[in-house]
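Okay, here's the structure, questions in a sec.
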Amino acid sequence: MIAVENDYEIDLTELDSVRENLNGFWIPENDRNGQEILWLNFESNKNLTDWETIPYTDEIKQTEILPYKSCPTIVTLIKVNKEVQMQFVSLDGQDTTKIDQLTKTKFKIGGTTYLRHKGYEFLK
């Protein structure tokens, strides 16, 4: 996990700020020692990315090769009633979910709190 001085709430009405602060690696708070991390990789000025859970292993750190997954869920950041929300699109359908909280080190969505994770250096 990552510790940040002066952790603060991100304004959920500012799309660019939400996108910038969601970028990176996350781990569910209730599974801190888990072997999978969430990787959100929004490109600058683009509001969509894969909702991609990837293994976090020594083998991947050494080889710098991720396993291939077909048909990932796509996340798009959209504004609903002046607040940024996440729209999920997958083969099963789509759903829009409110971001309950976002800071530099954690975000909460759909009852799950994610903590910022150091992730893989080669993917940064």
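Would you mind getting me the FRET efficiency between E64 and L15? Use the beta-carbon distance for r and R0 = 30 Å, nearest 0.05. Please list the in-between numbers first.
On the way: r = 32 Å, r/R0 = 1.06.
The value I calculate is 0.40.
T49: accessible area at probe 1.4 Å, nearest 10 Å²?
10
Right, next: Once every Cα of region 32-72 carries one equal point scatterer and solvent is ignored, give the base-10 log of I(q)/I(0) from the Debye formula at q = 0.14, 0.18, 0.29 Å⁻¹, two decimals.
Values, matching the q order: -0.39, -0.62, -1.07.
Give the long-range amide H neighbours of K104: residues separated by 5 or more places, or on another chain, with amide H under 5 Å away, using H modelled in the peptide plane at 1.01 Å from N.
Excluding prolines and chain starts, which carry no amide H, the hits are Y8.
Now, a different point. So what is the relative contact order for the chain, in percent, with contacts set as C-alpha pairs under 8 Å and at least six apart?
Numbers: 231 pairs, mean separation 38.5, N = 124.
It rounds to 31 percent for the chain.
By the gyration tensor of its Cα atoms, with a ≥ b ≥ c the square roots of the eigenvalues, what is the shape of region 70-113: rounded for a/c under 1.5, prolate for a/b over b/c, or oblate? All intermediate terms of the calculation are to be shown ahead of the outcome.
On the way: a/c = 2.24, a/b = 1.45, b/c = 1.55.
Note, shape of region 70-113 comes out oblate.
Counting C-alpha atoms alone, how compact is region 2-124: give Rg to one decimal and Dmax as a whole number, in angstrom.
Reported Rg and Dmax, both Å: 14.4, 45.
For Q94 and K118, what is the calculated FRET efficiency with R₀ set at 22 Å and r taken between the beta-carbons, to the nearest 0.05?
In this case the efficiency is close to 0.10.
Just reorder E43, E83 by solvent-accessible area, largest first, 1.4 Å probe, all chains present.
E43, E83
The values are calculated or read from the model by the stated rules, or taken from the named source; none is laboratory data. These numbers come from a predicted model, not from an experiment. Using ideal geometry, Cβ is built from the backbone for each residue, glycine included, and neighbour counts are taken over all protein chains shown. Protein only, heavy atoms only, side chains kept; ligands, DNA and RNA dropped before computing areas. Shrake-Rupley method; radii C 1.70, N 1.55, O 1.52, S 1.80 Å.
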